[in-house]
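Visitor: Mind having a look at this structure? Questions to follow.
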Amino acid sequence: MPDLRSIQTEVDASYLYSKLAEKEEDKNVADIFQQMSDIEKGHAEAFLKKTGLSLDKMPPPS
C-alpha cells in the first residue's frame, strides 16, 4: 500500500513537470512535460484512492 511519502513524491513530480511545461519555449517539449505532469497527478490520485483517502486530501507541492 502506498504511503504518504509516495503520494507527496508524485505531487511534487507533477508540480515540477507542470512548471517545466510553463517555461519551455518548444511547444512539443512543453506538451511532453505537461503529459508527464498529468501522469504523475494520476499516480497521486490513484495512491490516495488506494489508501482510502479522498481527493480533497491531496497534499500541496512541498
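Visitor: For the range 35-58, which residues satisfy the criterion of being of a type in the set (Val, Ile, Thr) and under 10 Å from the mean Cα position of the chain (by Cα)?
Guide: ILE39
Visitor: Restricting attention to the range 10-50, and to residues there that are outside any helix (DSSP H, G or I) and out of contact with any helix residue (DSSP H, G or I) (no Cβ under 6 Å at 6 or more places or on another chain), which single residue is surrounded by the most Cβ atoms within 10 Å (Cβ to Cβ)?
Guide: Here the residue is ASP26.
Visitor: For the range 24-62, what are the residues that are among the acidic types (Asp, Glu) and under 17 Å from ASP12 (Cα atoms)?
Guide: ASP38, GLU40, GLU45, ASP56
Visitor: When SER62 is evaluated against the numbered criteria (1) surrounded by 16 or more Cβ atoms within 10 Å (Cβ to Cβ); (2) hydroxyl-bearing (Ser, Thr, Tyr); (3) outside any helix (DSSP H, G or I), which criterion, by number, is the only one it fails?
Guide: That leaves (1) as the condition not met.
Visitor: Follow-up. Consider ALA30 carefully, then state whether it is aliphatic (A, V, I, L, M), modelled with pLDDT of 95 or more and over 13 Å from the mean Cα position of the chain (by Cα).
Guide: yes
The values are calculated or read from the model by the stated rules, or taken from the named source; none is laboratory data. Owing to the predicted nature of the structure, the values given are computational and were not obtained by experimental measurement. Cβ sites come from the backbone with ideal geometry, for glycine too, and all protein chains shown count toward neighbours.
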